[in-house]
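Taking it in order: structure first as structure tokens, then the write-up.
The values are calculated or read from the model by the stated rules, or taken from the named source; none is laboratory data. Every value quoted in this text rests on a predicted model; they were computed, and no experiment measured them. Positions of Cβ are backbone-derived with ideal geometry, glycine not excepted, and every protein chain shown enters the neighbour counts. To get the accessible areas, we keep the full protein, side chains included, count just its heavy atoms, and leave off ligands, DNA and RNA. Shrake-Rupley method; radii C 1.70, N 1.55, O 1.52, S 1.80 Å.
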Amino acid sequence: MFNKIKRWLFKQFQDNFIIYFLVIIIFAIGIIIGSITIKIIGLEQKNDLIIFLSSFFKNIDGDKISNSLILKQSITDNFKTVGLIWISGIIFIAVPLIPIIVLFRGFALGFTVGFLVNEYGMEGFLFSVLGILPQNLFIIPGILSIASISMAYSIKCIKMRKLRVKSINNVSKILDYTTLIVLLSIVIIIGCLIEAYVSPMFLRLLTDYIN
């Protein structure tokens, strides 16, 4: 069963390789834009971010962070994105909307990591590696894969409409599309669990080491 699912997912990747590639490029552009933006934000905005991060570090150091609250927030935030991507594929607006979503995700990651490294140097780099990288090894591939599948589904449906090809298996196609989204969402849930229970542990070790 597992091998069958794996072959099915691999075939989806092969069939939509160009779309995957384009989505990754858009994400990379977002990271670059985000990392550049730190150079042009105002001093007031920088100070606000530093105050926020200082408060966050104190909460970690004081063991005041609730793992269950982080998990709830992470799942809520990420699955809002997943839901929006899924709906955009169903109603055929994935092509204009998904690049914006992917670009924003890349921007947010690039800006966050860039700001931490720029303002805190090696400590900021270690924070990024221990506090941001672990969960995003799962969340980002999950989001990008779902985005690519949604774009591919939307493009295919649009082509069929333009060619006036009638499909008698619309329900089956939507079910296959949704099943792919659900399977890849499991990867995102793993990332959310890491964000809630593993990354805070790493960050506590880091703050103990620094202090």
What nm value, rounded to one decimal, do you get for the distance between K80 and V198 when each label is placed 7 Å out toward the C-beta? 2.5
Quick check: pseudo-label points 7 Å beyond the Cα along Cα→Cβ at I155 and I132, how many nm apart are they? 3.0
Between 0 and 90°, nearest 10: helix 43-61 axis offset from the chain longest Cα axis: 80
Residue of S66, S148, S172 that the Gaussian network model of the chain assigns the largest fluctuation, springs spanning Cα pairs under 10 Å: S172
Can you count the Lys pairs in the chain with C-alpha separation below 18 Å, eight or more apart or on different chains? 8
In degrees from 0 to 90, rounded to the nearest 10, what is the angle of the helix 67-90 Cα long axis to the longest principal axis of the chain? 30
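Can you compute the FRET efficiency between N170 and D15 using 1/(1 + (r/R0)^6), with r the Cβ-Cβ distance and R0 = 25 Å? Round to the nearest 0.05.
0.85
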Kindly report the accessible area of the chain per residue (heavy atoms of protein chains, probe 1.4 Å, no ligands, DNA or RNA), in Å². 61
Heavy-atom accessible area ranking, 1.4 Å probe, most first, across C157, C192: C157, C192
If we restrict to alpha carbons, what Rg and Dmax does the chain come to, in Å? 19.6, 67
Please give the direction-averaged projected area of the C-alpha convex hull for the range 29-150, in square nanometres with one decimal. 8.3
